[in-house]
Amino acid sequence: MSTIDQKLLDRSENKCELCGSGDNLDSYKVEPKDEEILVCGVCKEQIEDNSKLDETHMYCLNDSMWSEVDAVKVVAYRLFSIMKNQDMLDMMYLEDDVKQWADDGLPDEPDEDALIYRDSNGVILNAGDTVVIVKDLPVKGAGFVAKQGVAVRNIGLVPGDETHIEGRVNGVKVHLKTCFLKKS
Ligand SMILES: [Zn+2]
């Protein structure tokens, strides 16, 4: 039993910051930062041992993902990732540094590692890279052209498809073919 920081209790109003329960409250450190959230016994067990994740209980994340507290959003993001709930991940918006924090705590994806993503020059692309578009590309459904020379920062790899990455162009999340990109 650890002592819980009073500030944490005040912020959370003595409730689990994921599901709102008041049972068996404890703090949970959101690695690698030194920030904590308040969680109940049920949530804590599931966060610490992801094999115990109960998707029904974790419906609570549909509310807590909108928390004002970055550390809570980071935990929600990680849990959605582990549960492969892409719809929810797409709905979440994390600032770049918060996203990085969330990604830093995620287990490596072995099946993603098996695929190798390469740019137009055959250079290997990794999530988080910046790429430059080498050819004007109409973006399907978005009604604009991704212009040659535009940089796309903090790309993501499209799971299961090594010919596409995802990134934001004009503020819109799009999939781009790797053969029209150059790592910068
Ligand atoms: Zn809880």
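The values are calculated or read from the model by the stated rules, or taken from the named source; none is laboratory data. All values derive from a computational prediction rather than experimental measurement. All Cβ positions, even for glycine, are placed from backbone atoms using ideal geometry, and neighbour counts span all protein chains on display.
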Some residue of region 36-47 being under 29 Å from G160 (Cα atoms) and within 16 Å of the ligand (Cβ to nearest atom): yes
Any pair with Cβ under 8 angstrom, 6 or more apart, that starts in region 19-40 at a residue that is without any contact (Cβ under 8 Å) to a residue 12 or more places away in the chain and within 17 Å of K7 (Cα to Cα) and ends at one that is more than 9 Å from the ligand (Cβ to nearest atom) and of a type outside the set (S, T, N, Q): K29/E35; K29/E36
Positions within region 21-35 being within 13 Å of the ligand (Cβ to nearest atom) and either exposed (fewer than 14 other Cβ atoms within 10 Å of the Cβ) or closer than 17 Å to Y77 by Cα (or both), in sequence order: G22, D23, Y28
Top-ranked residue in region 1-13 [being modelled with pLDDT of 95 or more and surrounded by 12 or more Cβ atoms within 10 Å (Cβ to Cβ); ranked as nearest to the ligand (Cβ to nearest atom)]: S12
Residue ID - farthest from L8 (Cα to Cα), chosen from residues in region 64-79 that are away from the ligand (no atom under 15 Å from the Cβ) and of a type in the set (A, V, I, L, M, F, W, C): W66
So G141, is it under 22 Å from L89 (Cα atoms), under 17 Å from the mean Cα position of the chain (by Cα) and not assigned by TED's automatic domain parsing to the domain that holds D90: no
Residue that is surrounded by the fewest Cβ atoms within 10 Å (Cβ to Cβ), among those in region 48-63 that are within 11 Å of A76 (Cα to Cα) and within 11 Å of the ligand (Cβ to nearest atom): C60
